[in-house]
Amino acid sequence: MPISRYREVGKICTHMTNILETVALTRDFGAFRAVDGVNLQVRQGSLHSLIGPNGAGKTTLFNCISAVLKPTAGRVRYDGRDITNMPLHRMTGLGIGRSFQITNIFNNISVIENVRLAAQARYPKQSYQFWRHADDLPEYEARAAQALAMVGLAGRERQIAALLPHGDKRKLELAILLAGDPKLLLLDEPTAGMATEQVPELMETIERIRADGNRTILLVEHNMHVVMRFSDRISVLHQGRILAEGKPDEIRSNDEVQRAYLGGGF
């Protein structure tokens with residue numbers, strides 16, 4: 001299915017409600033304010049990108065949303081619920097999945113074992129009976145195989161994860177997140193370190209994941225061609241604050257954004 005069709009399907013399914021909100025979210029490091037009173041609204045079912053120059057506070061904001069860092073002030077709300085400082089493992093139980101800039105997988109076990117362990121953690125029935133063979137847990141194996149098929153890794157299930165090319169390791173990370181059946185995916189630079197020719201395939205996979213499950217994606221990304229092509233909305237962070245927000249065409253033509261970040265190149 002072409003990307004335009006995925007986006008159309010996603011918009012049909014999307015309600016104009018905010019699944020994620022930050023309210024005056026602030027994070028200080030001593031006298032330095034990395035995130036400065038950010039009010040961010042992410043619409044349910046959208047692919048919302050967060051961009052900005054290096055040091056703008058994007059990853060710090062992500063870390064405050066997902067409780068990797070405790071905010072100095074402000075609140076985080078998910079699906080109407082206050083989740084400020086809620087541990088990430090509890091967020092997972094609510095339907096939130098978070099990836100990191102650095103690939104985060106178990107290299108020495110198979111591809112499907114990586115995903116099966118994530119499914120067991122999310123759906124803990126029989127999960128911690130460690131001496132049981134994986135063949136005795138068919139529901140988790142099936143969930144893992146389904147997630148791998150969604151990201152295009154069907155047929156690679158028994159391969160040791162360390163042997164995957166970098167682009168496929170990124171796909172494996174997505175499959176690990178999908179094993180928890182998230183409604184919201186927080187993706188921190190998923191294309192980092194990938195060869196240029198691999199990027200469109202990964203982003204098309206992310207777009208398909210979003211549209212097929214009516215999921216919401218908040219994306220931090222430096223690749224402006226990716227951001228402009230795939231985003232429904234974009235927020236521009238500059239010096240810890242939201243400088244501008246809107247559709248890709250609105251951001252592309254925004255004079256303040258051009259001066260602060262894009263440099264007239266888009």
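The values are calculated or read from the model by the stated rules, or taken from the named source; none is laboratory data. What you see is a predicted model; the values in this text were computed from it and never measured. Positions of Cβ are backbone-derived with ideal geometry, glycine not excepted, and every protein chain shown enters the neighbour counts. Side chains are part of the model used for accessible areas, which takes the heavy atoms of the whole protein and leaves out ligands, DNA and RNA. Shrake-Rupley method; radii C 1.70, N 1.55, O 1.52, S 1.80 Å.
Working from Cα positions, state the angle (0 to 90°, nearest 10) between the long axis of helix 166-178 and the longest principal axis of the chain.
Here the helix axis deviates by roughly 80 degrees.
First compute the accessible area of the chain with a 1.4 Å probe, then give the percent of it belonging to carbon and sulfur atoms.
The computed percentage sits at 50.
Rounding to the nearest 10 and keeping the result within 0 to 90°, find how far the Cα-based axis of helix 199-213 lies from the longest principal axis of the chain.
Taking the Cα atoms of the chain, the angle to 199-213 is about 80 degrees.
For the pair Asn54 and Ala31, what calculated FRET efficiency results from E = 1/(1 + (r/R0)^6), where r is the Cβ-Cβ distance and R0 = 30 Å, to the nearest 0.05?
Calculated transfer efficiency: 0.90.
Pop the C-beta distance of Ile109 and Val68 into the FRET formula with R0 = 22 Å and round what comes out to the nearest 0.05.
Efficiency, from the Cβ-Cβ distance: 0.35.
Quick one: which of 31-38, 141-148, 216-223 comes out on top by average Cβ neighbours within 10 Å, and what's the full order, highest first?
Packing proxy ranking, top to bottom: 216-223, 141-148, 31-38.
Per DSSP H run of at least 4 residues, take -39500 (n - 2.57); add these up for the chain, divide by its residues and hand me the 222 nm value, nearest 500 deg cm²/dmol.
Mean residue ellipticity, 222 nm, calculated: -10000 deg cm²/dmol.
For the chain, what is the accessible area per residue in Å², given a 1.4 Å probe and the full set of protein chains?
Accessible area per residue: 47 Å².
For the range 35-128, what is the charge dipole size about the Cα centre, in debye to the nearest 20, if Lys and Arg each add +1 at the Cβ and Asp and Glu each add -1 at the Cβ?
Here the size comes out at about 200 debye.
For the ranges 74-80, 174-180, what's the packing order if you count other beta-carbon atoms within 10 Å of each residue, average per peptide, and put the highest first?
My ranking of the peptides, most packed first, is 174-180, 74-80.
As a test, work out the antiparallel percent of DSSP beta bridges whose residues both lie in the range 183-257, rounded to the nearest 5.
About 50 percent, rounded to the nearest 5.
To check you understand DSSP bridge types, tell me what percent of the beta bridges within the range 87-243 (both residues inside) are antiparallel, rounded to 5. Intermediate results must be reported in sequence, preceding the final value.
Values: 3 of 11 bridges.
So the antiparallel bridges amount to about 25 percent of the total.
Evaluate the relative contact order of the chain (contact order divided by residue number), counting alpha-carbon pairs under 8 angstrom at least 6 apart; express in whole percent.
Normalised by residue count, the contact order of the chain is 26 percent.
Where the centre of each part is set by its Cα atoms, how far does the range 200-242 sit from the range 154-174, in angstrom?
Spelled out, the Cα-based centre of one part sits 22 Å from the other.
Calculate the dipole size of the chain relative to its Cα centre from +1 charges on Lys and Arg beta carbons and -1 charges on Asp and Glu beta carbons; express the result in debye to the nearest 20.
That gives the chain a dipole magnitude of about 440 debye.
Of all DSSP beta bridges in the chain, what percent run antiparallel (nearest 5)?
55
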